[in-house]
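Here is the structure we will look at.
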Amino acid sequence: MKNFTTKAFSLFVKAIPVFAALALVINTNSVATPINGQPEAPAGLKKYRLF
């Protein structure tokens, strides 16, 4: 059981950066929209957007 817990925790720690990057992209793409009053994204924000 301890070996399983160690492996599960290791996978969870490795997945944190992936989920953080995904959250950043989703937040960036949803905040800079004309509906939210910001038709154009700031120049520094464009490097985080996927499209």
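The values are calculated or read from the model by the stated rules, or taken from the named source; none is laboratory data. Quick caveat, the model's predicted, so the values are computed rather than measured. Neighbour counts run over all protein chains shown; Cβ positions are idealised from the backbone, glycine included.
Quick notes on this one:
- Filter result for Ile26 (in a helix (DSSP H, G or I) and either loosely packed, with under 10 Cβ neighbours inside 10 Å or touching a Phe, Trp or Tyr at 6+ places or on another chain (Cβ under 8 Å) (or both)): no
- Residue identified as surrounded by 10 or more Cβ atoms within 10 Å (Cβ to Cβ), under 13 Å from the mean Cα position of the chain (by Cα) and of a type in the set (Gly, Ala, Ser) among Ala32, Ala21, Ala41: Ala21
- Test: residue in segment 27-40 that is of a type in the set (Gly, Ala, Ser) and modelled with pLDDT of 80 or more: no
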